[in-house]
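What follows draws every value from the coordinates through simple rules; no lab data is involved. Because the structure is predicted, anything quoted here is derived from the model rather than measured. Glycine gets a Cβ as well: all are built from the backbone with ideal geometry, and neighbour counts include every protein chain shown.
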Amino acid sequence: MALPPGAIGSAVRKEKLAWRASGVKSAFPICSCDRRPLNAAPFSFSRLWFKVRTIMADHYLLKTEPSEYSFAELQKDKKTVWDGVSNPVALRNLREMKPGAHLIIYHTGDERSAVGTATVVSVDASNPKNPKVEIQAGKPVSKPVSLAEIKANKLFADSPLVRQGRLSVVPLTAAQFNALTSS
């Protein structure tokens with residue numbers, strides 16, 4: 001059954017009036033139906049994902065084809081600009097990087113393993129379609145972690161690294177980053 005126009009608004013107004021009449025000195029009026037503040041937005045998975053993403057914002061995994069640009073070349077160059085990404089989600093992940101963020105360099109193709117670390121030096125997101133992230137080479141991981149090992153690790157069960165295989169810039173949690181670097 002469809003609600004009449006304005007029914008939700010009038011229910012909210014009634015809740016606000018009941019709150020004012022109750023004399024409660026709370027900063028946030030509470031909705032009796034689900035105990036949320038009346039001014040709170042409805043529950044949203046996208047808002048929840050945003051909160052998860054902000055927690056994950058210090059660690060990322062960058063995928064590269066070793067025949068195009070390998071971790072060994074990054075170590076030789078010491079610094080490089082990471083750009084040329086076209087996937088919208090990967091572009092968003094690049095734009096969200098902050099200087100000092102920790103990176104894992106992952107070789108695709110035949111290797112399919114995490115091979116080294118790097119750090120974000122600067123981020124130029126002035127062009128949202130082509131953000132440029134300057135990265136500095138770190139150390140190679142003690143033992144490269146293969147994709148099979150990553151998939152077998154329960155820490156990565158919900159990771160975009162496993163769920164979205166073609167994503168070239170993947171946010172990681174601190175625990176995931178530590179699992180890849182401490183192997």
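Summary table below
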{"read-out": "Gain on full stretching of the segment that runs from ALA125 to ASN178 - 0.36 nm per residue minus C-alpha separation", "value": "16.3 nm"}
{"read-out": "Cβ-derived FRET efficiency at R0 25 Å, GLU65 paired with ALA152, nearest 0.05", "value": "0.55"}
{"read-out": "When each of LYS132/LYS154; LYS76/LYS132; LYS63/LYS129; LYS98/LYS154; LYS76/LYS154 is checked by Cα-Cα distance, pairs over 30 Å", "value": "LYS132/LYS154; LYS76/LYS154"}
{"read-out": "Cut-off under 5 Å, modelled amide H: who pairs with ALA101 long-range", "value": "VAL120"}
